[in-house]
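Taking it in order: structure first as C-alpha cells, then the write-up.
Laboratory data are not the source of any read-out in this text; all were calculated from the coordinates shown. These figures come from a predicted structure and were not determined experimentally. For neighbour counting, all protein chains shown are included, and Cβ atoms are generated from backbone atoms with ideal geometry for every residue, glycine included.
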Amino acid sequence: MAAVNKIDSNVTGLRIAKETSFGTLPGTPIWYALEPNSYGDFGGNVTTVARETINDSRSRLKGVTTDVEATGNFESDLTQQSLAHLFEGLMYAAYDKKAERFNNHTAASVITDASASADDFTFTTGDAFRDGDLVFASGFTNAANNGLHLANATSGATVLSVTSAVTDEVPPALAKLVTVGFEFSTGDAAIDVSGTFPALDTVSKDLTQLGVSVGEFVYLGGDAADEKFFNSANNGWARVKSITTNTMTFDKSSAAMVTDDGTDDGSAGTGQTIRIFFGRTVQNKVGSDISRTSYQLERKLGAPDDASPSQIQSEYVTGAILNEFTLNLPTADKITTEMTFVGKDTEQRTGATGVKSGTRPATSTADAFNGSSHVTRFRLAPVSATNEFPDATFAFVMEGSVTINNNNSRNQAIGTLGAFECSSGTFEVSAEVTAYFQNVTTLQSIRNNDDMTLDVAMVQDNAGIIIDLPLLTVSGGLAGVELNEPVKLPLSVDAAQATTVDSAYTHTAKICVFDYLPDAAE
C-alpha cells in the first residue's frame with residue numbers, strides 16, 4: 001500500500017444528478033459538472049450527545065450519535081449553462097419549453113446533407129418544427145451543424161429542414177435542437193400603439209403557435225437590417241402581457257414603442273422579415289402545479305492510495321433540495337451565485353465503487369458573466385397600468401443581489417438517522433440594490449409604498465438569462481453621503497405574488513433562459 005498523507009483540493013470535483021423520487025436516482029443518471037469557487041458546510045454534520053450521569057468520578061460517559069444533518073453549500077461563477085438545469089429545483093416547477101429535440105430521447109437521429117432536396121435534421125420522434133422557426137443546434141460533432149438555423153416549409157414532426165448547409169453525421173447522445181425564435185414572413189409583423197399597451201400584430205402568423213407564455217420576456221429584432229423594425233425603439237426586450245391569434249401585447253419594453261408597419265423605411269418600403277427570440281422559462285407555481293425536484297450531490301475526494309489513482313473516494317448528499325439561491329451582481333467583477341441544499345442523508349464511497357454509475361458530460365468551458373459588460377438591463381421602475389416604459393427609479397447601480405429562499409426544513413422521526421423528508425416553507429424572493437442617488441422622487445415613492453418591478457438581463461456570446469420580479473415592495477432609502485463620494489442609495493426589496501399587476505401573473509419570480517440571442521442583445 002502507498003497510502004497518501006493528504007489530498008489536495010485541486011483533485012476534487014463536484015457534480016449533481018436529478019433524482020426520480022426523494023433519495024432515489026434513475027437507472028442511468030446524468031451527472032452534470034458544477035464549478036465551485038468555494039464551499040461552505042458540505043456533507044454530513046454528525047451530532048452526538050454525551051451521557052452525563054450522577055457519579056463519584058465527576059466524568060461524562062461516551063456519547064451516542066443522534067443526528068446527521070446533510071447539507072450542500074457552495075459558491076460559484078454564473079455561466080450560461082452551469083446552473084440552468086437547477087432552476088427547476090429552485091422554482092419548484094418544470095421549464096415551459098418550446099419545440100425541442102434531445103438526441104438521447106430519440107433513437108437513430110441523423111442528419112442528411114445537401115445531396116438531398118434540402119439540408120435536413122431527421123428524427124424518429126419529437127416536437128414538430130414549423131416553417132419560420134429559428135432553431136439552435138448544439139452538441140453536434142461537426143461545427144457546421146451547430147448554431148442558428150432557419151426552418152423551411154418541409155419541416156415537421158420527424159424532420160427539420162433548414163436553409164443553411166449541414167453535414168452528415170450521427171450526433172452524440174447529448175446533441176440537441178431547441179426552438180429559440182421565429183422569423184415572420186415579409187411584412188407580416190407590425191407594431192401597433194393605439195391600445196393601452198403596444199402590441200405586435202400579424203396578418204397571417206398565429207402567435208399562439210410560438211409557445212410564448214404571459215409574463216415571459218422576448219427579444220424583438222435580429223441583426224440584419226431586414227430582420228428588425230425600422231424604428232429602433234421597437235427592437236429589444238419586451239415582456240408579454242397577453243397573446244391572441246394575431247396580437248401580442250407588451251407591458252415592459254426597452255424603450256417607449258412607436259407605430260411601425262414592418263417596412264424598411266417605416267412607410268411604404270419593402271416589408272421586413274422581423275425576427276423574435278424567446279427562451280425556456282420557469283416560475284414559481286401555485287397549488288397542484290407545484291413540482292419539487294430533488295438531487296444528489298457528488299463530491300470526489302481523491303484517491304487514498306497513490307498506487308490506485310482510479311479508485312477514488314467520494315461523498316454524496318442524497319435527497320438534496322435546493323433551498324436558497326443568491327445572485328451577486330458586483331461592479332467590475334464576476335457575477336457569482338451562492339447555493340444551499342438541504343439533504344436527506346449522506347453517503348461515503350471508496351475503492352472500485354468510489355462513484356455511482358451514470359453519464360458524466362464534460363465540464364463546461366463557458367466564460368463567466370461579469371457585472372461590467374454582460375448586464376445589459378438592470379431596471380427598477382414603477383408598475384404602470386398604461387405605460388410600457390415608465391421612468392426608471394435610478395440611472396446607474398453600484399451593486400445588487402437577488403435571493404430566492406424556499407425555507408425548507410428537515411423532517412425527523414424516531415428510528416431514522418438524518419431526515420426522512422423535507423417540508424417546504426414560504427417562497428421568499430428579495431433583493432438588495434445600491435444605486436447612485438438622482439432625486440428625491442425615489443424617497444417619496446418608498447414612503448408612499450408604490451408598486452415597483454425589477455428585471456435583470458445578462459447576455460454574452462449570443463445567449464442570456466433574465467430574471468423578472470413583477471411586483472415589489474421597496475424599503476430603505478437612507479441616502480449615504482460621504483466626503484468626496486457620490487451620494488448612494490441602498491434599497492431593500494421584497495417581491496410578492498403579482499396578481500394585482502395582472503390576474504395572469506400568479507408568480508413572484510420568473511427566470512427566462514435564452515439559448516440564443518442576436519448580437520444586438522449584447
> What number, in percent, do you get for the relative contact order of the chain if the mean sequence gap of Cα pairs under 8 Å and at least 6 apart is divided by its residue count?
Replying inline: 16
> Taking the Cα centre of the chain as the origin, how large is its charge dipole in debye, to the nearest 20, when only Lys and Arg (+1) and Asp and Glu (-1) carry charge on their Cβ atoms?
Replying inline: 1780
>> Restricting things to Cα coordinates, could you compute the convex hull volume per residue of segment 395-459 in Å³?
In response: 149
> Taking the alpha-carbon centroid of each part, what is the distance from segment 494-512 to segment 1-79 in angstrom?
Replying inline: 37
> Could you list, bin by bin from short to long, the percent of Cα-Cα pairs of segment 237-338 in 10 Å steps?
Replying inline: 9, 18, 23, 19, 15, 9, 5, 1
> Ranked highest first by the average count of other Cβ atoms within 10 Å around their residues, in what order do 463-475, 3-15, 398-410 fall?
Replying inline: 463-475, 398-410, 3-15
> Classify segment 21-81: rounded, prolate or oblate, from the alpha-carbon gyration tensor (a ≥ b ≥ c, eigenvalue square roots; a/c under 1.5 rounded; otherwise prolate if a/b is larger than b/c)?
Replying inline: oblate
>> Quick check of the Kirkwood formula: for segment 119-165, what is the inverse mean of 1/r over all pairs of different Cα atoms, in Å?
In response: 10.6
>> Once R0 is set to 51 Å, what does the formula 1/(1 + (r/R0)^6) return for the Cβ-Cβ distance between residue 412 and residue 226, expressed as a FRET efficiency to the nearest 0.05?
In response: 0.20
> According to the square roots a ≥ b ≥ c of the eigenvalues of the Cα gyration tensor, what is the shape class of segment 432-522, taking rounded for a/c under 1.5, prolate for a/b larger than b/c otherwise, and oblate for the remainder?
Replying inline: oblate
> Let a ≥ b ≥ c be the square roots of the eigenvalues of the Cα gyration tensor of segment 181-261; is it rounded (a/c under 1.5), or, if not, prolate (a/b larger than b/c) or oblate?
Replying inline: rounded
>> Over 20 Å intervals from 0, what percent of Cα-Cα pairs in the chain sits in each interval?
In response: 20, 49, 26, 5, 1, 0
>> Run the reach check for residue 488 against aspartates and glutamates, Cα to Cα strictly under 17 Å, same-chain hits fewer than 8 apart removed. What comes back?
In response: 399, 432
> How many angstrom lie between the C-alpha centres of segment 399-465 and segment 287-341?
Replying inline: 20
